[in-house]
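What follows is a short report on a single structure.
The values are calculated or read from the model by the stated rules, or taken from the named source; none is laboratory data. Being a predicted model, the structure only gives us computed values, none of them experimental. Cβ placement follows ideal geometry from the backbone for every residue including glycine, while neighbour counts extend to all protein chains displayed. Only protein heavy atoms, including side chains, enter the accessible area calculation; ligands, DNA and RNA are left aside. Shrake-Rupley method; radii C 1.70, N 1.55, O 1.52, S 1.80 Å.
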Amino acid sequence: MSAELAIIGGTGLTSMEGLAIVRREMIKTPYGSPSGPMIFGELDGHAVTFLARHGHKHSIPPHRINYRANIWALHSVGIRRVVAVGAVGGIAPECTTGAIVVPNQIIDYSHSREGTFFDGKPHDVHHIDFSFPYDEQLRAALLAAGKVANIDTLDGGVYGVTQGPRLETAAEIRRMSADGCTIVGMTAMPEASLARELDISYASCAVVVNPAAGVGNKSIDPAQLQAAIPTGMEKARTLIAAALPSLAAS
Ligand code: HPA
């Protein structure tokens, strides 16, 4: 595999265990600073670049992430494939705490985020095709790795992206469920569409850390949510490590 692969780590994945770090570099972009330095390294003999979406101290909330700088910086160092890891709430019955979902669709409810590189001069007006937001080859690589590593993964799901940082109301989740969302998180957009704008293949490993608001007529228990993060992220890490050889070939 070439150095073209990057992992964007979310909540609970601010570093990539096992990554032998070769170099760190803070990249300047026309859009400002990314969330942190690009970490260049090797994982099981494969070149991988890592970026912590919320910063290394997890200090940048979802609505304040400079998504444009992150994606621009990754592209500028030659990244052409991204596997994005993120914590989500489960809406559909099969999306229980601990499940790993490899979504295939997105509904974007976020707002007020800088969401495009094509915002007038010096770029032309440009409308990307975003019918299928996730890259099928990367998705297939993750799903196949799940089988090899014996990690249950859910093939497909609709990721509803909310603005945050607050969690949703039960009525919002009911509406999202009626819309077809199966999971809810705060970071897939505009990350996924910015990647598409720069021709970066993008897939997501969504780790369910709580039942979404009102599911089972219950509130979200923040302590239970926090407790589910380390185990869920460990699973995601194992899955990605197992997927590395096939991510190389995709
Ligand atoms: N909603 C939105 N984002 C989240 C959730 C949730 O329930 N859990 C983890 N990230």
So the carbon and sulfur contribution to the accessible area of the chain, 1.4 Å probe, in percent, is 52 percent
Counting Lys and Arg as +1 and Asp and Glu as -1 over every other residue whose Cβ sits under 13 Å from the Cβ of A241, the net charge comes to -2
Counting Lys and Arg as +1 and Asp and Glu as -1 over every other residue whose Cβ sits under 13 Å from the Cβ of I8, the net charge comes to +1
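Would you mind classifying region 1-140 by shape? Square roots of the alpha carbon gyration tensor eigenvalues, ordered a ≥ b ≥ c; an a/c under 1.5 is rounded, otherwise it is prolate if a/b is larger than b/c and oblate if not.
Values: a/c = 1.39, a/b = 1.01, b/c = 1.38.
It is rounded, given that a/c, with a ≥ b ≥ c, falls under 1.5.
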Number of Lys pairs in the chain closer than 23 Å at Cα, excluding neighbours under 8 places apart unless interchain, is 4
Karplus ³J(HN,Hα) for region 96-104 (6.51 cos²θ - 1.76 cosθ + 1.60, θ = phi - 60°; Hz, whole; x = Gly/Pro) runs 8, 3, x, 5, 10, 10, 10, x, 10
On the formula 1/(1 + (r/R0)^6), with r taken between the Cβ atoms of R64 and D199 and R0 of 25 Å, the FRET efficiency rounded to 0.05 is 0.45
Note to self: C-alpha centroids of region 23-66 and region 171-250 sit apart, in Å, by 19 Å
Of all DSSP beta bridges with both partners in the chain, the antiparallel percent, nearest 5, is 35 percent
Sequence order, region 134-142: Karplus ³J(HN,Hα) from phi using 6.51 cos²θ - 1.76 cosθ + 1.60, θ = phi - 60°, Hz rounded, Gly and Pro as x, gives 9, 6, 5, 5, 5, 4, 4, 5, 5
Region 173-190 scanned against label point 7 Å out from Q105 along Cα→C-beta; backbone N under 18 Å for 173-185, 188-189
Sequence order, region 146-156: Karplus ³J(HN,Hα) from phi using 6.51 cos²θ - 1.76 cosθ + 1.60, θ = phi - 60°, Hz rounded, Gly and Pro as x, gives x, 5, 5, 8, 6, 10, 5, 10, 9, 7, x
Summed over the other residues with a beta carbon less than 13 angstrom from that of I71, with K and R at +1 and D and E at -1, the charge totals +2
Sorted by chain and number, the residues with a modelled amide H under 5 Å from that of I107, at a separation of 5 or more or across chains, are Y159, G160, V161
Expressed per residue, the solvent accessible area of region 5-249 in Å² (1.4 Å probe) is about 45 Å²
Of the convex hull drawn through the C-alpha atoms of region 14-66, the volume per residue in Å³ is 75 Å³
With all protein chains in place and a 1.4 Å probe, T97 shows an accessible area in Å² (nearest 10) of 80 Å²
